[in-house]
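Reading through the structure tokens given below for one structure.
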Amino acid sequence: MAPPKPRLVLRIGMSGHRPNRFTPDAQEKVRASLGRIFGTIHESVTAIREREAAVFDAEPPQLRIITALAEGADRVIANAALEAGHAIDAIIPFAPEDYATDFDTAESKDEFRRLLERARTRFSLPGEKSATDPARTEHAYEAVGLMTLRQCDILVAVWNGEEASGRGGTADIVQRAIASRIPVLRFAANGDGPYLLKNDGPAPADALDLVKGAAVPIESATLHAIVESLTAPPSADGDGAAHGTQIRKKARRRLDEFLAEPERRWNFAFSYPLLLRIFNRDVRFWRSFRQKPYYDATVAEWAGYFRALQNVPAELRKRLLETVTARHSWPDKLAIYYGQKHRSGYVRNFSLAAVAVLFALLSFRPAPGTAGQPASPFSVEHLLHVGEFVSIGAIILLTGLGLRWRRHQRWLDYRQLSEQLRHLRALLLIGSSSPEARPPRLGEELQPGPLWVNWYYRAVVREAGVPCAAVDADYLAAIRQAIAEGEIADQAGYHTVNARRIGSVAHWLEWLGVGFFIATFAICTVLAFCSNWLDGLTGSGQFAGAFLCALLPAVGAAAYGIRVEGDFDGSCRRSANMARRLIDIGSKLSDKKKPMSLAEVSALTEDATLAMMSEIGDWGFIYRGRPLALPA
């Protein structure tokens, strides 16, 4: 029972010319070169898998070739991949029977059907063909090229280095790959190469300019380095500044800690759940002490989502369960565990600080008849001093243990990872992984947490791979319902409830602080301006006034500290805004009166995902600067 390790997978996409610009001699030349390229890449991933066996699944590494199976370059790489024993994933622009009409000869049609049959995964896009409007066909082929870029880590392109002759041509796809920082291995139309096209600078690069500068075929050492940078986990090995080495070392330690986590089912940190229960009637306090088995609990939570996907292929549902659900369940439940621990920590610290003040104030009032006598070890005064000592000592000890066990860091890391993986259940259906499009917050790239979290997420994205489905009306209807209700409406409901609950806590904590401050002011007013009346009070009455003037500000400060440390006001506003945003997107996606294309469904899904990832990024950015600390 431990978090699942991802399988080492590397995806190689294909784009290139048709036979009219790619002669049979050039095809054989490229095919021979691809055998060597595949061998080098497979050697690299095998070495990485053996070296990093602690973080990868026991299955052997896998190369997946993404191809549209068009005549020419696509089939060259598909055949070369199959000969080398690698898997091919087919992304085709139309339904197979419509796509086959693009090929003139019976031999070509048979080859297409044979390759499609041997594909590990087949994803048929809903392209349109029109004899009167060639732009529709061009658009379909462009969609295949863009989907290939979404699904590949390295792009192999057979390209003559000239501008595209039509929309979605090889030149356009290569340019988009360069803009997306995807390494491109370019073969010339005569079969020479491959030459590396890669933008390593901060500014955008033009593919045509890169072609002019790439005159020497790529060396094996360079290819090994590219594969290493794409697939290897964070490590302290390699070149780099000492600061960067320390960041990678910390990131690797956190990755190892995550993969060694057991199921933490019991949680007796009750301060934060009790705080929520005091100010919210609908919070079930006792349920916070024990969690169900992680995977089973997640499957139960996602039951409605999978019911909406009954009309999608069984293989896709199986992949969602075995890859996404299994990998999401662990960081999600561990984030709940460590989040409750950390939040209870600061609630406990501020509460104990107020209790320590209470003990200290009570100790100043000796019991009747004991003035001037030495304190007995069992006297009330002595016990009050012991209570103050225990309160302060508990704050110091428990704060030190919380920092040592890094509950705060684990909570933030696991929550970020679980949110990214949860969104993958929707993104996989449309063949995307859009959270990577979110720009990093200032300094985030220098944090070990995001470093290992993003590596694990990308590894799972590669493992999940291309969705196996034919995008038709039934498929679009199923994924629209699942994404609208199971992903977007589910999260909108969560944020609506969270805004109300957290807002209630923020409201009452604020009024507690204000109320205690006003009460202190009133008592001070009486003490300062009603001295004649106070002269008639007993010593106990005067002590009570001074006692309350000292205690009430301490309790008010504790309430204020809890409210600020927990960012209850900010969390309430962010959840309320997020709920409104998601409800708006969800209403558009679930509008059954309006038919939608895959592109429209994808745009709304990615819009919602990016909004949610931006919110979790803002949340993480705020909380990373708030580790558990002494209430001083």
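Part of a helix (DSSP H, G or I), open to solvent by less than 60 Å² (accessible area, probe 1.4 Å) and of a type in the set (A, V, I, L, M): is that true of A558 in this structure? Reasoning before the result, please.
Working: part of a helix (DSSP H, G or I): yes; open to solvent by less than 60 Å² (accessible area, probe 1.4 Å): yes; of a type in the set (A, V, I, L, M): yes.
Spelling it out, A558 is indeed part of a helix (DSSP H, G or I), open to solvent by less than 60 Å² (accessible area, probe 1.4 Å) and of a type in the set (A, V, I, L, M).
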Fill in the blank from the handout: Within segment 279-305, of all residues that are touching a residue at least 60 places away in the same chain (Cβ under 8 Å) and not in a loop (DSSP other than H, G, I, E, B), the one surrounded by the most Cβ atoms within 10 Å (Cβ to Cβ) is Y305
Problem - Residues that are among the hydroxyl-bearing types (S, T, Y) and modelled with pLDDT under 95, drawn from segment 402-442 - result: S432, S433, S434
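Just wondering, is there one or more residues in segment 82-97 that are within 22 Å of W159 (Cα to Cα), open to solvent by 10 Å² or more (accessible area, probe 1.4 Å) and touching a helix residue (DSSP H, G or I) at 6+ places or on another chain (Cβ under 6 Å)? Explain how you work it out, then say what you get.
In the first step, residues of segment 82-97 are kept if they are within 22 Å of W159 (Cα to Cα); the result is 88-93.
Keeping just the survivors that are open to solvent by 10 Å² or more (accessible area, probe 1.4 Å) gives none.
Within segment 82-97, none of the residues are within 22 Å of W159 (Cα to Cα), open to solvent by 10 Å² or more (accessible area, probe 1.4 Å) and touching a helix residue (DSSP H, G or I) at 6+ places or on another chain (Cβ under 6 Å).
Does segment 492-513 contain any residue that is at pLDDT 90 or above, over 30 Å from M578 (Cα atoms) and open to solvent by 60 Å² or more (accessible area, probe 1.4 Å)? So that I can check it myself, show each step before the final result.
Quick first cut of segment 492-513, residues at pLDDT 90 or above only: 492-513.
Okay, now just the ones that are also over 30 Å from M578 (Cα atoms), so none.
No: zero hits.
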Completion exercise
Filtering segment 110-136 down to residues that are open to solvent by less than 30 Å² (accessible area, probe 1.4 Å), over 24 Å from I37 (Cα atoms) and in a strand (DSSP E or B) yields F123, S124
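Check segment 462-481 and report whether any residue there is farther than 30 Å from A303 by Cα and modelled with pLDDT under 95. It would help to see each step written out before you state the result.
Taking segment 462-481 and keeping what is farther than 30 Å from A303 by Cα, we get none.
Checked against the condition, which is being farther than 30 Å from A303 by Cα and modelled with pLDDT under 95, segment 462-481 yields no hits at all.
Within segment 63-78, does at least one residue satisfy the condition of being surrounded by fewer than 15 Cβ atoms within 10 Å (Cβ to Cβ) and in contact (Cβ under 8 Å) with a residue 12 or more places away in the chain?
Of all residues in segment 63-78, those surrounded by fewer than 15 Cβ atoms within 10 Å (Cβ to Cβ) come to none.
No, because not a single residue in segment 63-78 is surrounded by fewer than 15 Cβ atoms within 10 Å (Cβ to Cβ) and in contact (Cβ under 8 Å) with a residue 12 or more places away in the chain.
Having 2 or more residues that are hydroxyl-bearing (S, T, Y) is the bar; report the helices (runs of 4 or more DSSP H) wholly within segment 1-104 that clear it.
Details: elements: 24-51, 73-83, 96-99.
By residue number, 24-51.
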Practice task
Quick one: count up the residues across segment 176-225 that are hydrophobic (A, V, I, L, M, F, W, C), surrounded by fewer than 20 Cβ atoms within 10 Å (Cβ to Cβ) and part of a helix (DSSP H, G or I).
Solution key: 4
Practice task
Of all residues in segment 98-107, count the ones that are open to solvent by 10 Å² or more (accessible area, probe 1.4 Å), touching a residue at least 12 places away in the same chain (Cβ under 8 Å) and under 26 Å from K29 (Cβ atoms).
Solution key: 1
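Select from segment 229-252 the residues that are in a helix (DSSP H, G or I) and either buried (at least 18 other Cβ atoms within 10 Å of the Cβ) or at pLDDT 95 or above (or both) and list them in ascending order.
Narrowing segment 229-252 to residues in a helix (DSSP H, G or I): 229-231, 242-252.
Listed by number, the residues that qualify are L230, T231, I247, R248, K250, A251, R252.
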Handout entry: Complete set of residues in segment 574-612 that are over 21 Å from the mean Cα position of the chain (by Cα) and of a type in the set (K, R)
Key = R580, K588, K592, K593, K594
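Of all residues in segment 137-162, which are in a helix (DSSP H, G or I) and either farther than 22 Å from A469 by Cβ or open to solvent by less than 50 Å² (accessible area, probe 1.4 Å) (or both)?
Going residue by residue through segment 137-162, those that are in a helix (DSSP H, G or I) are 137-151.
Of everything in segment 137-162, those that are in a helix (DSSP H, G or I) and either farther than 22 Å from A469 by Cβ or open to solvent by less than 50 Å² (accessible area, probe 1.4 Å) (or both) turn out to be T137, E138, A140, E142, A143, V144, G145, M147, T148, L149, Q151.
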Fill in the blank from the handout: Per the list (1) open to solvent by 50 Å² or more (accessible area, probe 1.4 Å); (2) out of contact with any Cys (no Cβ under 9 Å at 6 or more places or on another chain); (3) more than 19 Å from G586 (Cβ to Cβ), residue check on E485 breaks on (3)
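What do you reckon, is Y272 at pLDDT 95 or above, more than 23 Å from the chain's Cα centre (by Cα) and surrounded by 15 or more Cβ atoms within 10 Å (Cβ to Cβ)? I'd like the intermediate steps shown before the answer.
On the way: at pLDDT 95 or above: yes; more than 23 Å from the chain's Cα centre (by Cα): yes; surrounded by 15 or more Cβ atoms within 10 Å (Cβ to Cβ): yes.
Taking the combined requirement at face value, the residue satisfies it.
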Handout entry: Conditions (1) touching an Asp or Glu at 6+ places or on another chain (Cβ under 7 Å); (2) open to solvent by 30 Å² or more (accessible area, probe 1.4 Å): number failed by T323
Key = (2)
Exercise for the section: Can you work out which of the residues in segment 589-611 that are surrounded by 15 or more Cβ atoms within 10 Å (Cβ to Cβ) and hydroxyl-bearing (S, T, Y) is nearest to A469 (Cα to Cα)? Expected result: S602
Completion exercise
With criteria (1) touching a helix residue (DSSP H, G or I) at 6+ places or on another chain (Cβ under 7 Å); (2) open to solvent by less than 40 Å² (accessible area, probe 1.4 Å); (3) in a helix (DSSP H, G or I); (4) not hydrophobic (A, V, I, L, M, F, W, C), E261 comes up short on (3)
Fill in the blank from the handout: Of the candidates M578, M612, the one satisfying the condition of being in a helix (DSSP H, G or I) and farther than 21 Å from S504 by Cα is M612
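The values are calculated or read from the model by the stated rules, or taken from the named source; none is laboratory data. Remember, predicted model here, so these are calculated numbers, not experimental data. Cβ coordinates were reconstructed from backbone atoms using ideal geometry, including for glycine residues, and neighbour counts include every protein chain displayed. These area figures cover heavy atoms from the full protein model, side chains too; ligands, DNA and RNA do not enter into them. Shrake-Rupley method; radii C 1.70, N 1.55, O 1.52, S 1.80 Å.
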